[in-house]
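Asker: First, the structure itself, so that you have it in front of you.
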Amino acid sequence: MRKAFADVLETEMERNEKIVFLTGDLGFQVFDSIAQRFPKRFVNVGIAEAQLVNAAAGLALEGFRPVVYSIASFMTSRPYEQLKVAVSYHKLPVIVVGAGGGYTYANAGVTHYAPDDLMLMTALPGEIVVTPGGPDEMKILFSTLLQKECAAYLRVGKYGEPDVGYIETAPISLGNARCILPAGRISFVTGGEVFSAVAPAILEYKSSVNPPGFFHYHTMEPFDRETALTILKQSEKIVIFEESLKYGGVFGHFCQILAEYGSRLSHIPEILRFGAPDNEFVYGSPSRKELRSRLGISSEQIHELMKGSR
């Protein structure tokens, strides 16, 4: 996904001389071509995230279109005051890119984990928050963000993630969830990059007697409430997978919608969530696959849940 991001950025910088890319001393080799082709619009601020955001805000005030980039944990929680006061408060069109959100850097330990990035960024008024499931979604959504005159957060993965696909049957559109399989008695919902970890197992059941529903969210703000309400109305059990905390992600939005509209529903569905733990750090340096399995984001979890739904 990161290579796809760099490719889109380079193409857009060709088209728009106002785009300036700022990095916090990261992206070596990934952005070498951009640095060589656009040296005056490639700025390495160094390991100084607060200054990185302030510099972007200043450029935005002068009419430029800044894109700032660092590891998600460093790009969100470290300069949060600057993101709030310098960018969000002034409604500046700065795109903040968090590389490796969630537990992408699983074996790097707590300092590099960012299960809270979506929670932090959705709390900022007027912020668009996007977490693509694969390179195909990232390309379209990033290009769309560059056309918006508002602040945005884009969570990107690392390398080797597969495309989400289903573009013809479930188009990629900012702010709209994607329906892979219509709502069923049990419906699965993914947020962001965990799609590839569970999709193959879910799709094994698409021709079963009681096929599951399958929906994918790539936009956390603005959140597609209409699709969420449809899923709540038509499903008896909803299973959510996401590499983030409850608040600011898919689960938090679903619970809020249920609280607001629950009295109007004919039944209250059971909602299960598999994601980052609420009140504890993830210690050690597990592999990402091991960590996802520990959190229940796995094909084994899908098969177990489908057994219980027959």
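The values are calculated or read from the model by the stated rules, or taken from the named source; none is laboratory data. Fair warning: this is a prediction, and the values are worked out from it, not measured in the lab. All Cβ positions, glycine included, derive from the backbone under ideal geometry; neighbour counts span all protein chains shown. For accessibility, only protein heavy atoms count, side chains too; no ligands or nucleic acids. Shrake-Rupley method; radii C 1.70, N 1.55, O 1.52, S 1.80 Å.
Asker: So for the stretch 146-219, taking the charge dipole from beta-carbon charges (+1 Lys/Arg, -1 Asp/Glu), which of Pro211, Pro200, Leu146 sits furthest toward the positive end?
Answerer: The residue sitting farthest along the positive end of the dipole is Pro211.
Asker: Let me ask another. Counting only heavy atoms of the protein chains, get the accessible area per residue of the stretch 1-117 (1.4 Å probe) and round it to a whole Å² value. Spell out each step's value before the answer.
Answerer: Numbers: 4920 Å² over 117 residues.
Averaged over the residues of the stretch 1-117, the accessible area is 42 Å².
Asker: Please turn the phi angles of the stretch 66-72 into ³J(HN,Hα) values with the Karplus equation 6.51 cos²θ - 1.76 cosθ + 1.60 (θ = phi - 60°), one per residue in order, whole Hz, x for glycine and proline.
Answerer: Couplings: x, 10, 10, 9, 6, 4, 3 Hz.
Asker: What's the magnitude of the charge dipole for the stretch 1-139 around its Cα centre, counting Lys and Arg as +1 and Asp and Glu as -1 at the beta-carbon? Answer in Debye, nearest 20.
Answerer: Details: 12 positive and 15 negative charges, 47 e Å.
I would put it at about 220 debye.
Asker: Report the Cα centroid-to-centroid distance between the stretch 222-255 and the stretch 257-310 in angstrom, as an integer.
Answerer: Taking the Cα centre of each part, the stretch 222-255 and the stretch 257-310 sit 11 Å apart.
Asker: Quote the Stokes-Einstein diffusion coefficient, in whole µm² s⁻¹, for the stretch 12-84, based on the Kirkwood radius over alpha carbon pairs, a temperature of 20 °C and a viscosity of 1.002 mPa s.
Answerer: D, rounded to a whole number, is 173 µm²/s.
Asker: In addition: Using the Karplus equation 6.51 cos²θ - 1.76 cosθ + 1.60 (θ = phi - 60°), what ³J(HN,Hα) coupling, rounded to whole Hz, does each residue of the stretch 142-159 give in order, writing x for Gly and Pro?
Answerer: 5, 4, 5, 4, 5, 8, 8, 9, 8, 6, 8, 10, 10, 8, 10, x, 10, 10
Asker: With the Cα gyration tensor of the stretch 62-156 giving a ≥ b ≥ c as the square roots of its eigenvalues, does the rule (a/c under 1.5 for rounded; else a/b larger than b/c for prolate; else oblate) give rounded, prolate or oblate? Don't jump to the answer; show the numbers that get you there.
Answerer: Values: a/c = 2.06, a/b = 1.28, b/c = 1.62.
Taking the square roots of the gyration eigenvalues as a ≥ b ≥ c, the stretch 62-156 is oblate.
Asker: Order of 40-51, 111-122 by packing, highest average Cβ count within 10 Å first? Can you show the working numbers first?
Answerer: On the way: 40-51: 15.8, 111-122: 23.0.
Sorting 40-51, 111-122 by mean packing, highest first, produces 111-122, 40-51.
Asker: Let me check I have the definition right: for the chain, take the eigenvalues of the Cα gyration tensor, multiply each by 5, take square roots. What are those semi-axes in whole Å, largest first? The partial results should precede the final answer.
Answerer: On the way: eigenvalues 228, 76, 67 Å².
After diagonalising the Cα gyration tensor, the semi-axes are 34, 20, 18 Å.
Asker: With a ≥ b ≥ c the root eigenvalues of the C-alpha gyration tensor of the stretch 245-310, is it rounded (a/c under 1.5), prolate (a/b larger than b/c) or oblate? Kindly include the intermediate steps, with their values, before the conclusion.
Answerer: Values: a/c = 3.93, a/b = 1.49, b/c = 2.64.
Verdict is oblate for the stretch 245-310.
Asker: Using only DSSP helix segments of four residues or longer, with each worth -39500 (n - 2.57), what per-residue ellipticity at 222 nm results for the chain after dividing by its residue count and rounding to 500? Write down the numbers at each step before the final one.
Answerer: Working: 11 runs with 105 residues, N = 310.
Value at 222 nm, helices only, nearest 500: -10000 deg cm²/dmol.
Asker: Okay, next question. Check which residues have an amide H placed less than 5 Å from Val239's amide H, if you skip close sequence neighbours.
Answerer: Here Ser187, Phe188, Val189, Leu272 satisfy the definition.
Asker: With +1 on each Lys and Arg Cβ and -1 on each Asp and Glu Cβ, how big is the dipole of the chain about its Cα centre, in debye rounded to the nearest 20?
Answerer: Values: 30 positive and 34 negative charges, 51 e Å.
Once rounded to the nearest 20, the dipole reads 240 debye.
Asker: Here's something else I'd like to know. Go through Ser196, Ser235, Ser207 and list them by solvent-accessible area, largest first, probe radius 1.4 Å.
Answerer: Values: Ser196 45, Ser235 0, Ser207 110 Å².
Largest accessible area first, the list is Ser207, Ser196, Ser235.
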